[in-house]
Amino acid sequence: MIDVQNITKRYGHHTAIDRVTFSVAKGEVLAFLGPNGAGKTTTMRILTCFMPATEGTVRVAGFDCADQPLEVKRRIGYLPETPPVYQELTVTEYLTFVGQLRGMGGRNLTSALDQSIGRLELGSVRHRLIGNLSRGYRQRVGLAQALLHDPPVLILDEPTIGLDPKQIIEIRELIKSLAGSHSVILSTHILPEATAVCQRVVIISGGRIVAEDSPEQLSARLRQSEKISVTLKSFPVDCNAKLREIPGVLNVFPGERAGMLLIECALGRDLRDEIARVVVSNHWGLLELRTISMTLEDVFLRLTRHEDGLPQQLEHTQATAHKGAPASQETAP
Ligand SMILES: Nc1ncnc2c1ncn2[C@@H]1O[C@H](COP(=O)(O)OP(=O)(O)OP(=O)(O)O)[C@@H](O)[C@H]1O
Ligand SMILES: [Mg+2]
């Protein structure tokens, strides 16, 4: 339904997104997850024909964003980062105006209006001026606007921002209910949001895709040992350095107990065998060796941490992306 091939966006000398490639199937909900400035909004603006990519192609429902923007826009409901609401109109006036712009009228428009007002629980404020609404309600009006013409594709830029916890749950339920019949891309920098509502997560950092996975595979990845704790009987001065020499070991820290070391491993590498071999061959006295699961937050921070200007794991996940396979299939031991 959505096919993004190698899009790059440059603002002058600044590259906001760099060779981003992904696709969304019909009925799929995809979360676009990344920290501030990662390039989420830029990508969404290109997908919705709000602005062109510097390089690369985007097709939505078979139409090219550059050549047939009107056909693309007809099939998309877009909730921008700042909801495009008119302060001086009431909720009903604004949604009627949006419907008319979309070519709707008569009973069609009335029933679509009632449906989206109902879905977003806007009944109690439908005759109030948008300018007088709270931020959360304005966000809901923005969502109602995106859903009004029941488009097959929804692009939602941080849809739950500014909402109270009850509304967040309801909006997530609404998005889940769209799965199957609609293709949805939502952006967020909140991990639980991505895993709560979507079938697939694309993690973007510094304008590049650093991982792509299903929430289940992401969780599975977490269960694979990313940190290994070893407890040793003797603690020679060179043991830190020797452990660091093992390919795939990123760092070695002192643990919380005497004799304990925490060994940080490259994502997806199971180095237990190798670490045990080094400990035993050096006669350090292996008392305990176990894996420590990383939290979802740990993985996110690891994937989006920049070193030398490049996100970690980039080479690995890009290689995976080229093969079109989920990253976890590559990383599974
Ligand atoms: N109009 C513009 N001119 C110059 N640079 C821009 C422009 N719009 C965005 N950028 C830059 O492009 C990069 C990506 O920005 P973008 O808004 O896409 O990030 P984001 O992932 O949506 O972040 P956030 O979570 O803060 O909304 C940033 O470095 C930003 O400063
Ligand atoms: Mg943004």
**Message:** Show me, for the stretch 256-272, the HN-Hα J-couplings you get by feeding each phi into the Karplus relation (A = 6.51, B = -1.76, C = 1.60, θ = phi - 60°), rounded to Hz, glycine and proline as x.
**Reply:** 7, 10, 4, x, 9, 10, 10, 10, 8, 10, 4, 3, x, 9, 9, 9, 4
**Prompt:** Can you sort 88, 212 so the residue with the fewest Cβ neighbours within 10 Å comes first?
**Reply:** 88, 212
**Net dipole in debye of the stretch 1-63 [+1 Lys, Arg Cβ; -1 Asp, Glu Cβ; about Cα centre; nearest 20]** = 100 debye
**Theoretical ellipticity at 222 nm over the chain - DSSP helices of four or more residues, -39500 (n - 2.57) apiece, nearest 500** = -10500 deg cm²/dmol
**Prompt:** If you count the DSSP beta bridges with both ends in the chain, what percent of them are antiparallel, to the nearest 5?
**Reply:** 65 percent
**Item:** Relative contact order %, the chain, counting alpha carbon pairs below 8 Å whose residues are six or more apart
**Value:** 19 percent
**Asked** Fewest first, what order do 158, 28 take by the number of other Cβ atoms within 10 Å?
**Response** 28, 158
**Asked** ³J(HN,Hα) across the stretch 134-143 via Karplus (A = 6.51, B = -1.76, C = 1.60, θ = phi - 60°), whole Hz, x for Gly/Pro?
**Response** 6, 4, x, 5, 5, 4, 5, 5, x, 5
**Message:** Using Cβ contacts closer than 10 Å as the measure, can you line up 243, 301, 218, 33 from fewest to most?
**Reply:** 301, 243, 218, 33
**Asked** From a point 7 Å beyond the Cα of residue 8 in the direction of its Cβ, which residues of the stretch 20-48 have a backbone N at a distance under 15 Å?
**Response** 20-21
**Prompt:** Any idea what diffusion coefficient the chain gets from Stokes-Einstein, in µm²/s, Kirkwood Rh on alpha carbon pairs, 25 °C, 0.890 mPa s?
**Reply:** 111 µm²/s
**FRET E, pair residue 176, residue 87, Förster distance 22 Å, beta-carbon r, rounded to 0.05** = 0.10
**Request:** Compute the distribution of all C-alpha to C-alpha distances in the stretch 125-273, in bins of 10 Å from 0, and list the percent of pairs in each, rounded to whole numbers.
**Result:** 9, 27, 22, 16, 14, 9, 3, 0
**Cα centroid of the stretch 78-151 to Cα centroid of the stretch 1-42, whole Å** = 27 Å
**Request:** State the number of lysine pairs found in the chain whose Cα atoms come within less than 26 Å, restricting to pairs 8 or more positions apart or on distinct chains.
**Result:** 16
**Item:** Rounded Å value of the spacing that divides the Cα centres of the stretch 176-196 and the stretch 198-219
**Value:** 12 Å
**Request:** Please say if the stretch 62-140 is rounded, prolate or oblate, where rounded means a/c under 1.5 for a ≥ b ≥ c the square roots of the C-alpha gyration tensor eigenvalues, and otherwise the choice is prolate for a/b larger than b/c and oblate otherwise?
**Result:** prolate
**Asked** Can you list the HN-Hα couplings for the stretch 189-205, worked out from phi with the Karplus curve (6.51, -1.76, 1.60; θ = phi - 60°), rounded to whole Hz and with x for Gly and Pro?
**Response** 10, 9, 4, x, 5, 4, 7, 6, 10, 10, 8, 8, 10, 10, 9, 10, 8
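No lab work stands behind these numbers, since they all come straight from the coordinates. This structure is a prediction, so every number in the text was calculated from the model and none was measured. Note that we place each Cβ from the backbone using ideal geometry, even for glycine, and neighbour counts take in every protein chain shown.
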